[in-house]
Amino acid sequence: MKKLLSLFLVLMLLLSALPALGEGVTTVKFWTHINEAWNASYEGLIAEFEAANPDIKIDYQRFPYDEFEAKIQTSLMAGSAAADVYEVWGGWMLDFASQGVLSETPAQFAADLENDAYPPVLGALKHDGKYYGAPVEFNIEHGAMIMNKKLWEQSGMPYPTTWNELIEDAKKVAVQDGEAMTMRGFGYANGDTLIANFLALILQQGGQYLKEDGSVDFNTPEALKAMSMLVGYTADDHINNFDAITNGDVQGDHIMVALDESYGCIRGPWVISDLEQTYGLVMGVDFDYIGQPPFFEGVEQKFAAETGWSLCVAKNSTVQDAAWRFVEFLNQPDVLVRHNIACAQVPPRKSVAADPAYLAGAPYMAPLLDKLQYSEFIGPFNTDIIKSYMNQTFMALCSGDHSEEAVKAALAKMTEDLAQNMKIY
Amino acid sequence: MKRTIFPYLVLAPLILLLIVFLVLPILGSFVISLLDYNPLRETGNTFIWFDNFKRLLGNELFGISFKNTLTYVFIMVSINLVVTLLIAQLLTTLSSNKWRSLFRVLLFMPCVAPLAAVSVIWQKGILPTKGGLLNIFLSNFGVAPINWLGNASVLMPSLLIVSLWADIGYNIILFISGLQGIPQDYMDAAKIDGAGPIRRFWQVTFPLLGRTFSYVTAMTLISQFQAFAQFSILAPGGGIARAGYVLSTYIYDMGFGNKDMGFASAISLTLFLVILVVTLIQQRVNRVDWGY
């Protein structure tokens, strides 16, 4: 018994001495949301980083997306940052960056990003002329379309090459049964794409909606034409209805394409994996991902985009140097290119987009890459608010009077409502 | 002396819990409503006194959500009370214990499921315009497909149907308990006096059910004023024409979307006052001064 007790005490002593062996190793806590492909990529890159930096250990934790924002917010509000590096949606960055809870991006790294990253992915990271984080992807909801290959082949029509052709084709195939739309000609209006198309329509006419102070003004002829076109496609041409707005993502545009209830829709490339994994579809067989033609022939295909996922370091982190070393590692073009391919992400850096390795690894991104140069930052505001007002205005016009005067009045009201209710950072 | 202190000592933990988790948060919410408060901000959460409450006056979204909330609560509570009392009365008249238990279990089952999950099931399986169970059922009677969530005039009825389905089981159980607590002697006496089933219900059962009815009404009112999950899922952004935008979703949007916690707290306190006033009126109207 005594021997056993002695052995136990010796073991306890040895165990208590273990932490001392780890002295000199800095632990960086890293939080992301749960996404199988993204998490797997991060795990691989963390192993690579730890091998190259034996003095740093990454404690990688992930959380369900639905609770992730609240979790980050609570953590940063607590003041004693539960993590050192956070994966943050760009739209949330506006809130965080302006409140002094994030560490400023090191000057040299910031200069590199300013030179190489696309404007939309940096816009939300900037506050008072300083950057607070680094982008890892470019969120895009304009420029490419998911097309139901089977339906197009059955119709005998080739894929349209101009926007007007697309609308004309969509009108021919759309079928409405009372309030139910049994076949959608083309989906261009869901919670994400409606505002993206509206703003792109304004920009492609050579117009502008952003004022110098970051607020918006839709009392312009370009906005009038843009809204009239979008409303007309649903209210008069009946190529689409509101299901993708009123039902949220449950019956999102791309899901209707997957269910053979829509000929196609505008969507970001992230839906490709959803169609393949959730619906068992095969790209090139069941659907195609092709370029979206500009709204007007012969114009630059300008569009506004709302950032993407980024990485940031908490201001209260006690291991800021190590944390930034990790973020900079993940943001190196040769690392980022592998991460963007593995996660089916649009690259936030011009150098990655131009890297042949990227296109070789993600050939389905081809329709988008040449359009990234025309991107603009959507504006320094929380996009949930502008999307909500856009959706309501669009649905109200489609459901009632949508004469030129009615559209003008609706745009004036939307501008006024946004001035009152949308915070400009 | 010991006799005087003992009840307080026994109640102290409970009172402490109520103070910490109920009274203090309400007071905290009141203080926050007087601030320009962003929870992320380290400094600059300044007192603006009653400015947040002034913002509510003439605010279009507040007006819409307030009106929708009152409409929803009034219709929901009215239908809920009538339907649940009727079903409870029918169940208590069943002579077979087995059948009574079976129906009780079946009707209570929706209450066990989380409302968010229930809402998703309705959204995905029952309410879709094409392929939804409700439209398939109605098509048997020649009814054309209805866009339950995308038509401003039917969105609120859709939300009411979902809420009723999810909520009635709880009140049925409470009413059954109340009905079973009424002594049989009163019914027997009424029968001897020649009262029929309807007269017995209105003149004996319903008055004697007063305490249960008052409790059920108050609880249903409070819970329906706070309804959130079904609105958030079935009417994202308030739904078409904001026909499904209620105060709880407005509070969420302002607090967590706009990070304007001061304004969100002002709306919360307004909702709190509305619930308080409505409940007090209801308690006054349904006051019961007797016992059996």
Test item: Cα-centred dipole of the stretch A:37-105, Lys/Arg +1 and Asp/Glu -1 on Cβ, debye: 100 debye
Span per principal axis, largest first, for the Cα atoms of the stretch B:1-114 (Å): 67, 58, 25
The stretch B:54-285, dipole about Cα centre (Lys/Arg Cβ +1, Asp/Glu Cβ -1), debye to the nearest 20: 80 debye
Sparse-neighbour loop sites [chymotrypsin sites (Phe, Trp or Tyr not before Pro); the stretch B:201-242; at most 16 other C-beta within 10 Å; DSSP]: B:F228
Compactness relative to 2.2 N^0.38 Å, alpha carbon Rg of the stretch A:151-298: 1.08
Shielding by partners, peptide B:131-138 (average Cβ within 10 angstrom, other chains): 1
Ordering of B:187-195, B:244-252 by burial proxy (mean other Cβ atoms within 10 Å per residue, highest first): B:244-252, B:187-195
Estimated 222 nm signal from helices in the protein assembly as shown, with DSSP H stretches of n ≥ 4 weighted -39500 (n - 2.57), rounded to 500: -17500 deg cm²/dmol
Among beta bridges that DSSP assigns inside chain A, antiparallel share in %, nearest 5: 60 percent
Peptide A:175-183 - average C-beta neighbours from other chains (10 Å radius): 5
With 5 Å bins from 0: P(r) over the stretch A:247-290, alpha-carbon pairs, percent: 5, 23, 38, 27, 5, 1
Test item: Cα-centred dipole of the stretch A:309-388, Lys/Arg +1 and Asp/Glu -1 on Cβ, debye: 80 debye
Cα-projected label distance for A:T27 with A:E67, points at 7 Å along beta-carbon direction, nm: 2.1 nm
Volume per residue that the Cα convex hull of chain A spans, once the total is divided by residue count, Å³: 175 Å³
Filtered chymotrypsin sites (Phe, Trp or Tyr not before Pro), the stretch B:120-200: DSSP coil and at most 15 other beta carbons within 10 Å: B:F141
Descending semi-axes in whole angstrom, ellipsoid equivalent of the stretch B:55-192, from the Cα gyration tensor: 34, 22, 14
Inter-site label distance for A:D213 and B:V31 at 7 Å from Cα along Cβ, in nm: 3.3 nm
Positive-end residue of A:S228, B:Q123, A:A47, charge dipole of the protein assembly as shown with Cβ unit charges: B:Q123
Gyration tensor over alpha-carbon atoms, the stretch A:249-322, equivalent ellipsoid semi-axes in Å: 34, 21, 11
Fewest-first ranking of A:E276, A:E141, using other Cβ atoms within 10 Å as the exposure measure: A:E276, A:E141
Cross-link pairs beyond the 22 Å C-alpha cut-off, checked among A:K413/B:K124; A:K71/A:K387; A:K150/A:K172: A:K413/B:K124; A:K71/A:K387
Calculated P(r) of the protein assembly as shown - Cα pairs past 44 Å, %: 36 percent
Which of B:I275, B:P7, B:V73, positive extreme of dipole for chain B (C-beta unit charges): B:P7
Intensity falloff of the stretch B:54-285 expressed as log10 I(q)/I(0), Debye formula with alpha-carbon point scatterers, at q = 0.09 Å⁻¹: -0.47
Peptide ranges A:221-228, A:362-369 listed from the most packed, as the mean C-beta count within 10 angstrom indicates: A:221-228, A:362-369
Listed peptides A:116-126, B:255-265 by packing density, highest first (mean Cβ within 10 Å): A:116-126, B:255-265
Shielding by partners - mean other protein chain Cβ count within 10 Å, residues of A:87-93: 0
Cα-based shape type of the stretch B:132-265, given that a ≥ b ≥ c are square roots of the gyration tensor eigenvalues and the cut on a/c is 1.5: oblate
Charge dipole of the protein assembly as shown about the Cα centre (unit charges at C-beta), most positive-ward option of B:L85, B:G142, A:H127: B:L85
Share, in percent, of DSSP beta bridges within the protein assembly as shown that are antiparallel, nearest 5: 60 percent
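Quick note: the coordinates plus some simple rules give every number you see, no bench work behind them. Predicted model only: the values in this text are computed from it and were never measured. As a convention, Cβ positions derive from the backbone with ideal geometry for all residues, glycine included, and neighbour counts pool all protein chains shown.
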